[in-house]
Structures are given as C-alpha cells and as structure tokens.
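Working notes for the structure below.
None of the figures in this text is laboratory data; all of them are computed from the coordinates on show. Here the structure is a predicted model, which is why all the values come from computation and not from measurement. Counting neighbours? That spans all protein chains shown, and the Cβs are built from the backbone with ideal geometry, glycine included.
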C-alpha cells in the first residue's frame, strides 16, 4: 500500500505574494487606500489590515484562484511523488456552512471549487484526491495520512501534536518560527521532494 501525502494549496502550491502584495497594493494606491503589509502574520486581517482584506476579496480573490502563480517545478515534482505515494490535496477554499451564506455566496464558493480544479489541471499537477475541507486534522486522522505539507504554523503544530503524520512546513515569511520549533522546512518543491522521501523512508 502506498504511503499517503497531504498537500495544501495556498502558500504551498499557489504563490499568494503577487496577489497579496504586488497586485493588491497597486489597486490600493489607485483607490487612495492606505497600503499595509505585515507579511510576518498569517492572518489576512493582520497581514493586510481590514480595508485591504476587503479589497482583496472584492477584487482579487477570484483572479488569484483562477490565475495565481504556481511554484516552479510543481508539476514534475507531483508526477515524481505520484509514482510512489498517494497524493491528497486538501484546501479550505470553497468551504463553510451553507446556512450562513446567501445564494450568491454559495454559488461563488462552488465556482471557487470548480476553478481550483481547473487551476490544478492547467498546471498539470498530479493528485489522487482533491478535498475541500477546513478541518485538516480530522482529515489526516481519518485517512491515515503519513506526511502533511502546510504553510500555516498553527496547523503544523496541531499536525505534530494531534496526528501521526509528519508535518513539513513550506517556507513563507509568516512561518519562520517553524524551524526553531523542530518542524522540517522545505524551501522549494525539489527540496520538498527530498524531505518527503527522507521522512517516509524513516517512517518504514
């Protein structure tokens, strides 16, 4: 039976920086909105502030899901991983309680799920399962995931303490504490490939 890998999308596969900073700041400047960027914080409200967060979701989030940049070599690395491992892509995109959303918001979330699938296909990213779920810890435990790749430090720490999976952090400005906390950090997709292979070799 193949070992199982969980991969997040935003911050692991999709490079958010262009939309969170370059594109967003251009629109903010043109609209006369104060530019804010505390990219040491994962939370949008702290990273961007409330005004830029609203602007992001009003004008750029759909574009990010459709056209966000994929990290270099992601296609060839996922192809290599798929030869030996089962790949589960789990993302919180398009999730939430439908009872709390308007009909238009429900349609928008469905579109986000559809466009996420198209984005993965466009970048020729290989996987076995695509799951829209905001509870990765529950998913990891229910599906016997062996390695989980994530960018949010809070989730990485929960993976380490609440699951049997090995957490690997994909390096970002907001998760620099991961290494000092003993969590492995990957700095590129080929580095990630090596770290996954080494982690699963040790887990035999």
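The calculated FRET efficiency for the pair residue 194 and residue 75, based on their C-beta separation and a Förster distance of 22 Å, comes to about 0.80. Classified by the C-alpha gyration tensor, region 17-67 has an oblate form. Its axis ratio a/c, with a ≥ b ≥ c, is 1.5 or above, and a/b does not exceed b/c.
Computed on region 158-204, with alpha-carbon pairs under 8 angstrom and 6+ residues apart, the relative contact order is 30 percent. For region 17-67, relative contact order (Cα pairs under 8 Å, six or more residues apart, normalised by length) works out to 34 percent. Cβ-to-Cβ counts within 10 Å put 147, 114, 90 in ascending order as 114, 90, 147, the fewest first. Secondary-structure-derived ellipticity at 222 nm for the chain, considering helices only, amounts to -12500 deg cm²/dmol, per-run term -39500 (n - 2.57) for DSSP H runs with n ≥ 4.
Scattering from the C-alpha atoms of the chain alone, worked out with Debye: what is log10 I(q)/I(0) at q = 0.18 1/Å? Results for the chain at q = 0.18 Å⁻¹ read -1.38. The orientation-averaged projected area of the convex hull spanned by the Cα atoms of region 108-204 comes to 7.2 nm². In terms of the Cα gyration tensor, with a ≥ b ≥ c the square roots of its eigenvalues, is region 67-149 rounded because a/c is under 1.5, prolate because a/b exceeds b/c, or oblate? The shape class here is oblate. Rounded to the nearest 10 degrees, the angle from helix 74-84 to the longest Cα principal axis of the chain is 30 degrees. Look at 79, 25 and count the other Cβ atoms within 10 Å of each Cβ; fewest to most, that gives 79, 25. Dividing the mean sequence gap of close Cα pairs (under 8 Å, 6+ apart) by how many residues the chain holds gives a relative contact order of 25 percent.
Note on 196, 74, 5: ascending count of other Cβ atoms within 10 Å places them as 74, 196, 5, the fewest first.
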